[in-house]
1. Tally time: how many residues in segment A:408-437 are within 14 Å of chain B (Cβ to nearest Cβ) and either in contact with a Pro (Cβ under 8 Å, 6 or more places away or on another chain) or not aliphatic (A, V, I, L, M) (or both)?
2. Provide a single number: the residues in segment A:234-246 that are surrounded by fewer than 22 Cβ atoms within 10 Å (Cβ to Cβ) and modelled with pLDDT of 95 or more.
3. With the requirement that a residue be in contact (Cβ under 8 Å) with a residue 12 or more places away in the chain and over 46 Å from the mean Cα position of the chain (by Cα), what does segment B:558-580 give you?
4. Keeping to segment B:536-561, report how many residues are in a helix (DSSP H, G or I) and of a type outside the set (Val, Ile, Thr).
5. Report yes if B:Val139 is away from chain A (no Cβ under 14 Å), within 35 Å of the chain's Cα centre (by Cα) and of a type outside the set (D, E, K, R), otherwise no.
6. I'd like the residue in segment A:273-290 that is more than 8 Å from chain B (Cβ to nearest Cβ) and among the charged types (D, E, K, R) and, out of all such residues, is farthest from B:Asp317 (Cα to Cα).
7. Which members of segment B:33-48 meet the condition of being in contact (Cβ under 8 Å) with a residue 60 or more places away in the chain and not aromatic (Phe, Trp, Tyr)?
Protein chains: 2
Amino acid sequence: MALFQPRSVAVVGATEDRNRVGGRPLHYLRTFGFEGKVYPINPKRDTVQGFRAYASLEDLPEAPDVAVIAVGGDHVQGVLRQCAARGVRSAVVMSSGFGETGPEGVKRQSELVTEARALGVRLVGPNAQGVANFRSGAVLNFSTMFMEVPPQDGPVAVISQSGAASVMPYALLRERGIGVRYVVASGNDADVSVSELALAAAADPEVRVLLLYIESLADPAVLAQAAALARARGAAVVALKSGRSAHGAKAAASHTGAMVNDDALVDAFFAAHGIWRADDVHGLVNAVELYLACGLRSARRLVVMSHSGAVGVVCADTAERLGVALAELEPGTVQALARIMPGFATAQNPVDLTASLLSDGSMFGRTLDALAGDPQADMFLIGVPVAGEGYDVPGMAADTARFLRRTGKPVVVSAPQPAVRAAFHAAGVPVFGHETDALAALHQVTRHAALVQAASLREADASPASAVPAAGRDTRRTRTLSEAESLALLQSAGVPVVPHRLCHSAREAVQAWQELGPDVVVKACSAAIPHKSEHGLVFLDRRSEEEVRGAYEECVARVRTLGQPLEGVLVAQCVRGQREFALGVKQDPLFGTAVMVSDGGKYVEVLKDFVVLLHPFSEQDVLDRLATLRIAPILAGVRGEPPVDLQVVAKAAVALGRFAAARSGQIASIDLNPLIAGAAGAGGWAVDAIIEQEESRHE
Amino acid sequence: MALFQPRSVAVVGATEDRNRVGGRPLHYLRTFGFEGKVYPINPKRDTVQGFRAYASLEDLPEAPDVAVIAVGGDHVQGVLRQCAARGVRSAVVMSSGFGETGPEGVKRQSELVTEARALGVRLVGPNAQGVANFRSGAVLNFSTMFMEVPPQDGPVAVISQSGAASVMPYALLRERGIGVRYVVASGNDADVSVSELALAAAADPEVRVLLLYIESLADPAVLAQAAALARARGAAVVALKSGRSAHGAKAAASHTGAMVNDDALVDAFFAAHGIWRADDVHGLVNAVELYLACGLRSARRLVVMSHSGAVGVVCADTAERLGVALAELEPGTVQALARIMPGFATAQNPVDLTASLLSDGSMFGRTLDALAGDPQADMFLIGVPVAGEGYDVPGMAADTARFLRRTGKPVVVSAPQPAVRAAFHAAGVPVFGHETDALAALHQVTRHAALVQAASLREADASPASAVPAAGRDTRRTRTLSEAESLALLQSAGVPVVPHRLCHSAREAVQAWQELGPDVVVKACSAAIPHKSEHGLVFLDRRSEEEVRGAYEECVARVRTLGQPLEGVLVAQCVRGQREFALGVKQDPLFGTAVMVSDGGKYVEVLKDFVVLLHPFSEQDVLDRLATLRIAPILAGVRGEPPVDLQVVAKAAVALGRFAAARSGQIASIDLNPLIAGAAGAGGWAVDAIIEQEESRHE
């Protein structure tokens, strides 16, 4: 991408003052060793910051690869035309006064982008802090940060919609001694998107970690491409998608006029594509050192080693909070440890070397040797609560670095002393100030690796996922199908449906009872009345001819009273299972077909115990996600109950996803509630459903 | 306490080598300016580390206030006797080889403590890293940490059972530039306990924050005293009680041979006494700067101010995760902000100064002035994502410090640049590297203040709480009361009980039905069969004479088949309410009478949606805690349902606590399940209960 690797740069609105927007890029291009051509545009001066100045773009000796536009907002459109005339194909628009200012600005921004597209000029911005490449020194960016925190090239890219959110991670990474190659802030993100910029950064083979800050995601398909590219070469993508909370979404909307994405779909999208979702700026940077040290490596069982028992205790607590299991060491390892450690130390996990480490420094390396071969141990936290005089800190650091290289397994060190951290960092070992950050990094990298593996499997398995759904269709109208129609469609989709008959007379109803009984449910079927129970149109446990006949006649009478059409009366078998689920399908204009699976019951919305998956996904994906529900232990069987048949739930979810995705212009939504699942192996049945159809496909 | 303020110290086992346990304290006493007398005991030398040495304790010219014992474990008992002979009343036993080594060591430790008590010598340890007072330089401690991280006196005390867990917080605090007065590690905690040491530190009027690390709490009553003392002078107590998880508890047990406390009771105890429970070492230290800056100040509504919109968005998300509300600014404040801020900035909370701050540095102070008077705004996060050349950082720091002094409200700054942090720190403003730590500190201090207020109210209200229950009574036997007996006791305790009759004939049962009907529950009453449902001994919804009579006879027949005694058959009114709760009472040998209130239903144990309170507590305490349940929105009324009558639950919980506490030698446990509560105002009823009574009170 020319924006990242320009050979020549013009700065329109160039000034001598390096503290102004039009002065900073020139200062940085000189300071950070950019070797291409630099063309300040300033009609009033011969030189700007020592570079030869030009009166206008048309005076330039060549068409620059990129133009930085740092003029007043009113002048941007004029400069854009000059860019096009001079053959400039990319511009970084730092000028503000666009979408961020309100409706007027939104209109102006839309005109700017329309014209840029017509002219064939790609824009970063407007209102962009700009792009920076610290390898080439192409720093087309006005952030003060690079004046204050010296850059160093490295294998990390920070791609952000916000300027502040691009330099906060930068500063925190640099404080940890980590080099950063790209720092990009796309501002209003109106043309070249954060996803496209991520794709360009992912294409750089030396970038191993991409950190993204997103307030509004407009083109998930492009981000999915970036994630696939990163995944293919083992690079990690971590994204902070803010605006999760109601207040956050409101703040994001007023920050960049951003549209708000449905947060559960964002979660599902990131998970599907192997992107780790960070909760905050700290979470964005915390694990970077570990990604760089060991790559994306899946692991489940933690070993904690320290010369303090308290570290082991605290880590065991924190690991449980994070859902990380402690490894049960193999007997051979325990024996080897027992030979190394003094009588009273615990040759178990957590491994406690005790203060004996002070008198015998070799214990540290010998203990690591004993642990290296244990297949149970697949990630490590080494706690160094205190060290210094009397301890061989450089030796411990070297031993740990060797262990890391030899095993390739994820290892982190926790040390509260800055000097101890510096020694481990110098040896190339990921090191943290406290156990909580260290364990959070281990948890993130190893779980992220599992996500990435699953995404790769899906990619290999599936026909190419069309992550790009049909264009927005807010103006379309939908039609609610009746229960009978909805159940029929579900059945055709491959979802097991409760045996039932749509009856048009009391006689038919009684006949249906005779076939389906001994007990049946009788309910009115009317697309106009989706919430039947509220109107007393559901009769449970009908067990006799009279009861069935009576229910039938009540249905007819009540629907007539409501003045609604009646398609018939449904007589359905009474099915009894172990647990009720609710499944929903939504066609999202950005993310495609999303399937929600939730615990059933009347408090679904309040208890919020649900998962969302984006089509395509596998039955195993559903089972993996169901295992994260709060009710998971109940589903697995408690109090002597058998486990619930989750296969039937997973199959139904996959079937609904396939069915709806293949009919993305026809099926608007599906609400299957409840699906009653029996004990494992006993199957389950869709008992009620409402499908909304698109009214017309071609308007 | 002489241990903290000794005027003279003997070191038994003194050595020249400052890297050995017997050498470190001498080195520290000299280095850190201890002005009292130092007496190394070493029969082989004239001087040790420049101090005049003595052959034995009896040769000393005076009885030293404290003896440090740094001899082999086998020799400790002998030295102890010499101490007593020379009139030493306090000793720090650094020697290991006691409880931490296994059953033999436990026995040896118990003998040591018994003898010390007989001799009138108080011991810290054994296996203790020791005590340190950095005001006086009385550092009777062998940690390497003080060689590496220079001490500075300050208003913080770290009191720990573990050596490592005492110096990790110390190092992290010192890295943040915070001074620490006491660092104490009591090791096996066999005589002078961490609670007693906390009490001593709380008595120092200059200590404003106490940080505790506890693996096993043996004397909660003493810790409660320490908390009360701290509370009385506005000092904060933060405790990391580890061993929360199963693995953590196991690790703690093998670390110090510690007994494991019931974790939910620990939570309840800390909450009752206004002690904030930290989850980890980071959580122990993270808020210290804020405690020191603003004290314990309760606040609910957050204002976020920054010159980046992204900071506002990210903080809004994080605040929601923590349960912190954003303030709705008053109209006057919004108008004042709108006058200060440029057209497009958001004069709302989060407050976004935008990049205009760069061109007009005075905006920062003027915005703070506008916010200072808003009563809605009671805590503040100021985000400084980037600053430096072009920004007036010292001015911003001074403005913030002035704002802090003027309003007295909690204020934190988040800044990823170390230099910016240093400027705010120098001005006395609490500052953090990222928003998450900053918000976590605000959340902690303001909620902690609310806990402390509630504890003070309880203290003022209540008769002195006897936090010390009767001594352990593991050997006592208990007797299970029948349901009828249990319900009768509940009624006497003031808990509303479902109307019922204990019947001894079918005729009586029918009569009871006639009084209590139209529908009743019939159940066998036998103390020997606490789980009636499992044996088919509960008959719901009996509505006729035949049904009641039949149920009565079934009860009699089935209990006979089981070969158990039958006290009678209970006939109870059918009560229908809105929600079922389970209440439990436990008499804990350490913490006293604990009352658990939980959501009802058969999955109570799995879903773990419960609260625990320690007697004494108020109805308001119960209501406050119930509001933290996951089902709280359901209890408040959803889907058109009225709110649940939580008053009846709160009253029942208080009544059970009072009743059981007053009978701590008689009532062993109460299991009330369910309590059926109706809609608000409609009351509720205890429907079933099992009480276990102590078999005999005086064995």
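The values are calculated or read from the model by the stated rules, or taken from the named source; none is laboratory data. All values derive from a computational prediction rather than experimental measurement. Neighbour counts are summed over all protein chains in view; Cβ atoms, including those assigned to glycine, are modelled from backbone coordinates with ideal geometry.
1. Of segment A:408-437, the ones within 14 Å of chain B (Cβ to nearest Cβ) are A:413-423, A:431-437.
Imposing the further condition that a residue be either in contact with a Pro (Cβ under 8 Å, 6 or more places away or on another chain) or not aliphatic (A, V, I, L, M) (or both) reduces the set to A:413-418, A:421, A:423, A:432-437.
Result for segment A:408-437: 14.
2. Adding up the residues that qualify gives 1.
3. B:Arg558, B:Val559, B:Leu562, listed by residue number.
4. Applying the first criterion (in a helix (DSSP H, G or I)) to segment B:536-561 yields B:545-561.
Filter once more, keeping what is of a type outside the set (Val, Ile, Thr): B:545-547, B:549-555, B:557-558, B:560.
Count: 13.
5. When the stated conditions are applied, B:Val139 passes them.
6. Only one residue tops the list, namely A:Glu289.
7. Across segment B:33-48, the qualifying residues are B:Gly33, B:Glu35, B:Gly36.
Residue-wise test of (1) outside the structural domain of B:Gln152 (by TED's automatic domain parsing); (2) touching a Lys or Arg at 6+ places or on another chain (Cβ under 9 Å); (3) surrounded by 21 or more Cβ atoms within 10 Å (Cβ to Cβ).
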residue: B:Asn19; (1), (2), (3): yes, no, no
residue: B:Arg24; (1), (2), (3): yes, yes, yes
residue: B:Gly33; (1), (2), (3): yes, no, no
residue: B:Phe51; (1), (2), (3): yes, yes, no
residue: B:Val68; (1), (2), (3): yes, no, yes
